[in-house]
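Working notes, beginning with the structure itself.
The values are calculated or read from the model by the stated rules, or taken from the named source; none is laboratory data. Note that the structure is predicted; figures quoted are calculated from it, not measured. Here Cβ is always computed from backbone atoms with ideal geometry, including for glycine, and neighbour counts include all displayed protein chains.
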Amino acid sequence: MMMGPAGKALAAGPESVTANPAMITSGFTASGGSWNLQTTGISVAGGFSAASDMNFSAGITYLGRAGILRRDDTGLITGDYSFSSGSALAGVSYLLAPWLKGGVSAGLSWENIGEQGGTGLTCSAGLAADLPEGITAGIVVSGIGQAPSWNGIRKDMPTEVSAGVSYPFGTILTCFAGCRAGFFTSDAFGGGLEIEYSDFDLTAGYQYVPGEDEISGFFAGLQYKYTSGGTYTIEAAVSQRKELNWPVFAGISISL
């Protein structure tokens, strides 16, 4: 979320099993946050290195909200129910060339509304390249598979192609840009700057969603890195709608 539309293709870590699996690295990360409709998101992932050129990872994501009011045809409240969705994935990244990595992931997805629910299958495949001049590029196709079934009816999968690129200007400043093309979801374009100084890393940028002005807006993030026998990071990020006084999502992530 710190990198807008470029984040899915470029962000590295064990949690990349849910984004671009080519960027999977060893470690452990946990994140969570909520948005202004009282919906909570949680993600946990762990990865390990099986060889110098291969990394494995597994992760779980959850998005849910409780206390949604149920009403009858006249609008009277008749009770409440909960909604949840998520996925459980496993993936692997592999060094295809000294400058190129590939990765795949697959797992189960689910969706529950009240007492009803269904399960499906979701897969992703991606590439990541370390190019000359410090350029990093990535591309991923995600949301391939079969959506959860509701009484024999299946919704469209959120299949998307995401791409991103970053370019460093010296040791402190990096610019990045990315896009997302959705087959059944909105397209998005965006970019921003990353400033790295001492143990801190700050990003800020703008996301534009054509035809969806209410979900276009700024995003920003702050990371602090601590090294002592290992590397530990804590990140906080926020994504906003076009109206700056209406935050959409805010989250925090811890990695080691």
Scan of the stretch 147-169 for residues that are β-branched (V, I, T) and closer than 27 Å to L100 by Cα, ordered by number
T159, V161, V165
Out of curiosity, is Y206 modelled with pLDDT of 85 or more, over 19 Å from the mean Cα position of the chain (by Cα) and not in a loop (DSSP other than H, G, I, E, B)?
no
Taking the options G126, G120, G145, name whichever one is within 19 Å of S26 (Cα to Cα) and surrounded by 15 or more Cβ atoms within 10 Å (Cβ to Cβ).
G126
If I filter the stretch 209-256 down to residues being modelled with pLDDT of 85 or more and among the aromatic types (F, W, Y), which single residue comes out as surrounded by the fewest Cβ atoms within 10 Å (Cβ to Cβ)?
Y226
Here the residues within the stretch 140-157 that are of a type outside the set (A, V, I, L, M, F, W, C) and within 17 Å of N20 (Cβ to Cβ) are S142, G143, G145
When the residues of the stretch 72-113 are narrowed to those that are among the aromatic types (F, W, Y) and under 30 Å from P132 (Cα atoms), which ends up surrounded by the fewest Cβ atoms within 10 Å (Cβ to Cβ)?
W99
